[in-house]
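Comments concern the structure below.
The values are calculated or read from the model by the stated rules, or taken from the named source; none is laboratory data. Owing to the predicted nature of the structure, the values given are computational and were not obtained by experimental measurement. All Cβ positions, even for glycine, are placed from backbone atoms using ideal geometry, and neighbour counts span all protein chains on display. Areas reflect the complete protein model, heavy atoms only, side chains present, ligands, DNA and RNA absent. Shrake-Rupley method; radii C 1.70, N 1.55, O 1.52, S 1.80 Å.
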Number of protein chains: 2
Amino acid sequence: MSEGEFDLIRRYFSTAGKASRAEVILSIGDDCALTKLQPHQTLAITTDTMVENSHFYPDIAPYDLAYKAVATNLSDLAAMGAEPAWISLALTLPRVDSSWLSEFSRGLFDILDRYNVALIGGDTTQGKLTTVTITAQGILNQDYALRRDQAQVGDFIYVSGTLGDGLAGFHLLRAMQQGEKRALDSDRDFLIRRNFHPQPRVELGLCLARHRLANAAIDLSDGLGGDLGHILARSRVSAEIDLDQLPLSEPLLRLYGREQAELLGIQGGEDYELCFTVSPSRQAELDRHLAQLQVPYRRIGRILPAHSSPEITFIRGGKRLDIEVTGFEHFK
Amino acid sequence: MSEGEFDLIRRYFSTAGKASRAEVILSIGDDCALTKLQPHQTLAITTDTMVENSHFYPDIAPYDLAYKAVATNLSDLAAMGAEPAWISLALTLPRVDSSWLSEFSRGLFDILDRYNVALIGGDTTQGKLTTVTITAQGILNQDYALRRDQAQVGDFIYVSGTLGDGLAGFHLLRAMQQGEKRALDSDRDFLIRRNFHPQPRVELGLCLARHRLANAAIDLSDGLGGDLGHILARSRVSAEIDLDQLPLSEPLLRLYGREQAELLGIQGGEDYELCFTVSPSRQAELDRHLAQLQVPYRRIGRILPAHSSPEITFIRGGKRLDIEVTGFEHFK
């Protein structure tokens, strides 16, 4: 197959008729894109890469790959309280495959349009392994962001949605990849979709930032244990998590049982829910705002003074448990 | 070797003591970086990827890889007339190799410091092929950028520096890679260095934009033929290039002879010089400003009315030649 890079870009990543934004002065087609902010606005910038065989299997549906690659980046913007605005796409492909590209661009624009995000540029290169790097930029309309380093002793710790589904979905996918033949029931389908089509908590992040409800926040990409650990390290505090309060989905509980589901919920990655800390004095206000948003959330613990090193204590029925948790890290 | 991703990032990409910028409110370590612009400023954004075996050989010195990956992005900012401000780095590596990472980060910060650019974030992932994607952002201090689509009929066409060296350097590297044993004389060394350590024409781009000297500009990453072609297509004009005026380096002429050197100059990629078009009425002003900058530049042709399709006519000694040129494209 022989097709020029430039034709390829024009055909599948044309932004004609797609989400456009007033801030974008110049989009795809020049050396750079040009954008402009209002004087009161702050820019939030994040980059995430997905590599074949490390982050996804080669047979992943290209629609899902594009969708997830954007979703994980929007999740980082949500965790900062920023409104997603535009992305650059760096796409490395082993070959030009029209139907693959067509499905990839469909997934890409489906999620971009849903969140009113503009594709402003990128780079298409040839390489043996499919790799997707997205740099996403969002806008904060106030001098206040949901940072990791401002958790206060006494804060309540919250998470949105349910935990562990993304990791369970990954395990199910891997088993299928390794040849397991099992009909997909609705529970398995739910968990796999949670892994494939994470819903970035954009509205929640915007609400928390706009009303300055949270002192600290992070998105759960590497698992509660690891990601909450980042808040603790940066804020120089520790935390207590009540396992009885861990929000676990019915499909996860049915398929794995309570104990295994809890472990998935703590160690799991790829949930793309938000974990945030809120002063007890703001709890009523938080409940009021989040009821309006109709976002599921749960109080799962509280922030404690720092120990010698930041750490998480788990309790159940009021009793302290002796378990240790680390998040997912590459190269480990 | 076993080392956590987070330790790795902290150790080799710590920005302590490196270039910092007033616009950067929050840097590495949170879900996003945060930056702020002045009301009159415009943001320029570009992304470039380098993939092992496609853009560089696996044995490339990591210092050179980092340097070049940043330089190519800064070149895009220069071509827009933007001042380089900050970058995000997405780095995919097959393994953690301390000495490799140490050299890579030395090359990275050498060029970042030289141009006062801040590293504000990124993503480190594991994958079989080393891949470097950089998203660079720059600032325009006026509502005017060096676009591709504003070339005017009658404009003179200029290029900075010399052309063809980058491609010649690539050929020399490939010959060495394929086992050619030849001592590196100073000419070969010059050409290889031009490929490894391109100098983005940042000051030139800033000067052209600040004084609104150029109607259109592009950086020469894919070769004069291909890149000038972008200006012609976007501006709906055509061009005439005088081969006698093509700026060719002494090492290129000595090693390849005039005819081959010209071909390298036209078809060559990776020169990272600027090609720009200027109204004849601004020529004196241009000469005055560029003399101050001490940037080498040469007038090589002029913009003509559009033909049926945008195209470049080459002349020598005033006579029209019958040659056709295309730029480098992946997948071709």
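Values for this structure:
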{"item": "Rounded to whole Hz, the Karplus (6.51, -1.76, 1.60) HN-Hα couplings of region A:160-170, x for glycine and proline", "result": "8, x, 10, 10, x, 5, x, 5, 4, x, 4"}
{"item": "Contact order normalised by residue count of chain A, Cα under 8 Å, 6+ apart, percent", "result": "22"}
{"item": "Ellipsoid equivalent to region B:69-150 - semi-axes via the Cα gyration tensor, in Å", "result": "28, 14, 10"}
{"item": "Amide H contacts under 5 Å for A:Thr125, placed H, 5+ residues apart", "result": "A:Leu91, A:Thr92, A:Leu93"}
{"item": "Distance histogram in 10 Å bins (all Cα pairs of region B:4-97, percent per bin)", "result": "11, 39, 37, 11, 1"}
{"item": "Förster radius 56 Å - calculated FRET efficiency between B:Gln152 and B:Arg193 (Cβ-Cβ, nearest 0.05)", "result": "0.95"}
{"item": "Net charge over other residues, Cβ less than 12 angstrom from the Cβ of B:Arg316 (K, R count +1; D, E count -1)", "result": "-3"}
{"item": "Total charge dipole magnitude, chain B, about the Cα centre, Cβ charges on Lys, Arg, Asp, Glu only, Debye to nearest 20", "result": "540"}
{"item": "Summed buried accessible area for A+B [probe radius 1.4 Å, Å², rounded to 100]", "result": "5700"}
{"item": "Shielding by partners, peptide B:215-226 (average Cβ within 10 angstrom, other chains)", "result": "1"}
{"item": "Lys pairs, the protein assembly as shown - Cα-Cα below 17 angstrom, 8 or more residues apart or on other chains", "result": "4"}
{"item": "Debye, to nearest 20: dipole size of region A:90-136, +1 on Lys, Arg Cβ, -1 on Asp, Glu Cβ", "result": "120"}
{"item": "Net charge contributed by nearby residues that have their C-beta within less than 12 Å of B:Tyr256 (K/R +1, D/E -1)", "result": "-2"}
{"item": "Under-5 Å amide H pairs with A:Ser238, H placed in peptide plane, nonlocal only", "result": "A:Leu304, A:Ala306, A:His307"}
{"item": "Accessible surface of region A:5-140 [probe 1.4 Å, protein heavy atoms]: carbon and sulfur percent", "result": "46"}
{"item": "Residue-averaged 222 nm ellipticity for chain B, from DSSP H runs of 4+ at -39500 (n - 2.57), nearest 500", "result": "-11500 deg cm²/dmol"}
{"item": "Shielding by partners - mean other protein chain Cβ count within 10 Å, residues of A:13-25", "result": "1"}
{"item": "Over region B:156-320, relative contact order from alpha-carbon pairs under 8 Å, at least 6 apart, %", "result": "44"}
{"item": "Overall Cα dimensions of the protein assembly as shown, principal axis frame, Å, largest first", "result": "91, 52, 47"}
{"item": "1.4 Å probe accessible area per residue over region B:149-259, in Å²", "result": "40"}
{"item": "Percent of Cα pairs exceeding the 14 Å cut-off, where the set is region A:270-318", "result": "66"}
{"item": "Cα→Cβ-extended label distance, 7 Å offset, between A:Arg106 and B:Gln178, nm", "result": "4.3"}
{"item": "Kirkwood estimate for chain A, i.e. one over the average of 1/r between Cα atoms, Å", "result": "20.9"}
{"item": "Ordering of A:173-183, A:197-207, B:267-277, B:237-247 by packing [mean C-beta count within 10 Å, highest first]", "result": "B:267-277, A:197-207, B:237-247, A:173-183"}
{"item": "Debye-sum result for region B:144-223 in log10 I(q)/I(0), which assumes one identical scatterer on each alpha carbon, at q = 0.25 Å⁻¹", "result": "-1.19"}
{"item": "Residue mean of other protein chain beta carbons inside 10 Å, B:127-140", "result": "6"}
{"item": "Share antiparallel - DSSP beta bridges, region B:1-156, percent rounded to 5", "result": "70"}
{"item": "Rounded accessible area per residue of region B:13-105, 1.4 Å, Å²", "result": "29"}
{"item": "B:Gln142 versus B:Ser186: modelled label distance in nm, points set 7 Å from Cα along the beta carbon direction", "result": "4.1"}
{"item": "Rel. contact order, % - alpha carbon contacts under 8 angstrom, at least six apart, region B:5-140", "result": "39"}
{"item": "Chain A - share of DSSP beta bridges that are antiparallel (%, nearest 5)", "result": "75"}
{"item": "Net charge over other residues, Cβ less than 15 angstrom from the Cβ of B:Ala175 (K, R count +1; D, E count -1)", "result": "-1"}
{"item": "Protection proxy ranking of B:13-21, B:114-122 - average other beta-carbon atoms within 10 Å, highest first", "result": "B:114-122, B:13-21"}
{"item": "DSSP-defined antiparallel bridges as percent of all bridges, the protein assembly as shown, nearest 5", "result": "75"}
{"item": "Shape category assigned to region A:134-179 from the gyration tensor of Cα positions, a/c cut at 1.5", "result": "oblate"}
{"item": "Kirkwood hydrodynamic radius of region B:80-215, from inverse mean 1/r over distinct Cα pairs, in Å", "result": "18.1"}
{"item": "Separation between Cα centres of region B:8-71 and region A:32-89, rounded to whole Å", "result": "17"}
{"item": "Peptides ranked, highest mean first, by Cβ atoms within 10 Å: ranges B:80-86, B:65-71, B:149-155, B:53-59", "result": "B:80-86, B:65-71, B:149-155, B:53-59"}
{"item": "q = 0.14, 0.20 Å⁻¹, region A:139-285: log10 I(q)/I(0) [Debye, one scatterer per Cα]", "result": "-0.69, -1.18"}
{"item": "For region B:218-299: rounded, prolate or oblate by the Cα gyration tensor [a/c cutoff 1.5]", "result": "oblate"}
{"item": "Computed Kirkwood radius, in angstrom, where 1/r is averaged over Cα pairs of region A:52-102", "result": "12.7"}
{"item": "For region B:233-274, projected area of the alpha-carbon convex hull averaged over all directions, nm²", "result": "3.8"}
{"item": "Protein accessible area in region B:156-320, 1.4 Å probe - carbon and sulfur %", "result": "47"}
